[in-house]
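All remarks here apply to the structure that follows.
The values are calculated or read from the model by the stated rules, or taken from the named source; none is laboratory data. Values in this document were obtained by computation on a predicted structure and should not be read as measured data. Don't worry about glycine lacking a Cβ; one is built from the backbone with ideal geometry, like all the others, and counts go over all protein chains shown.
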Amino acid sequence: MIELRGVSRAYPTPQGEFFALAALDLRAAPGELLAVVGSSGSGKSTLIHLIAGIDRPTAGTIRVAGADVAALGESALAAWRGTTVGIVFQSFQLLPTLTTLENVILPIDFCRTLPADKARARGLALLDRVGIADQAHKLPSALSGGQQQRAAIARAFANDPPVIVADEPTGNLDSRTAAAVLELLAGLARDGKTVVLVTHERELGRIADRVITLADGRLVDDARQTRQVAHG
Ligand code: ADP
Ligand code: MG
């Protein structure tokens, strides 16, 4: 589902090239929840941006759901991203002038994957799944942080993408809300999605199949573990 080979992302600096990521090889399968940990500046966000096609590698190849991401032009990339990768950010990134429901169905409108009435019905079903159907017609500013992140997760899977990436999605949430958001992402993996999750959460080991550790742009650890499902 996700395959990185020899992937580097270098930035030119006065002292020479700086590698945010260096010669990374990584594969993740459908149904796998892959957690990415590492200290600040280790390359976690860079990895997420490369998988989502928001950034391009300076070396190596990235295949996601059969596409050679770095080879796609801008418009093909936008269309590909809209149906293939759902993205969840630490700061939610909901549009402030749209209701929660309108935010959630934005990817459907953008990719025209469903007619308007069906999009609305799907949006409401997605909000129900993340537990905030009652917030559908409010603006994001009227929602709590946890509710906004639930809406952002609903938006990320609006087009039923096979891959979900999340960059510190619990960074702005209290620990109980964070646990609920992580459980939602774990549920997506159980449904067969490939989920790549950047996090600092220490309890993460309980939901992730696999934890990779980055340090200075390099993969320094790749540990598989048994997922303990507390409740379905
Ligand atoms: P993390 O998410 O693990 O904190 P990042 O992937 O954001 O780390 O960044 C990895 C490294 O790349 C950091 O040292 C950061 O300063 C550097 N970096 C990120 N973006 C740029 C950029 N546009 N120009 C130069 N260096 C960058
Ligand atoms: Mg980061």
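Listed by first and then second residue, the pairs with beta-carbon distance under 7 Å, at least 6 apart or on different chains, first residue in region 149-161 and under 16 Å from residue 192 (Cα atoms) and hydrophobic (A, V, I, L, M, F, W, C), second part of a loop (DSSP other than H, G, I, E, B) and at pLDDT 95 or above, are 158/105. Inspection of region 31-39 finds a residue satisfying the criterion of being out of contact with any Phe, Trp or Tyr (no Cβ under 9 Å at 6 or more places or on another chain), under 23 Å from residue 215 (Cα atoms) and away from ligand 1 (no atom under 16 Å from the Cβ).
Picking from 2, 54, 62, which residue would you name as being within 16 Å of ligand 2 (Cβ to nearest atom), of a type outside the set (Gly, Ala, Ser) and either in contact (Cβ under 8 Å) with a residue 24 or more places away in the chain or within 23 Å of residue 86 (Cβ to Cβ) (or both)?
54
Looking only at residues in region 201-224 that are out of contact with any strand residue (DSSP E or B) (no Cβ under 7 Å at 6 or more places or on another chain) and modelled with pLDDT under 95, the one that is nearest to ligand 2 (Cβ to nearest atom) is 201. Of the helices (runs of 4 or more DSSP H) that lie entirely inside region 71-121, those containing 2 or more residues that are surrounded by fewer than 19 Cβ atoms within 10 Å (Cβ to Cβ) and among the hydrophobic types (A, V, I, L, M, F, W, C) span 74-84, 106-111. If you go through region 59-90 and keep only what is within 16 Å of ligand 1 (Cβ to nearest atom) and not aliphatic (A, V, I, L, M), you end up with 60, 89, 90.
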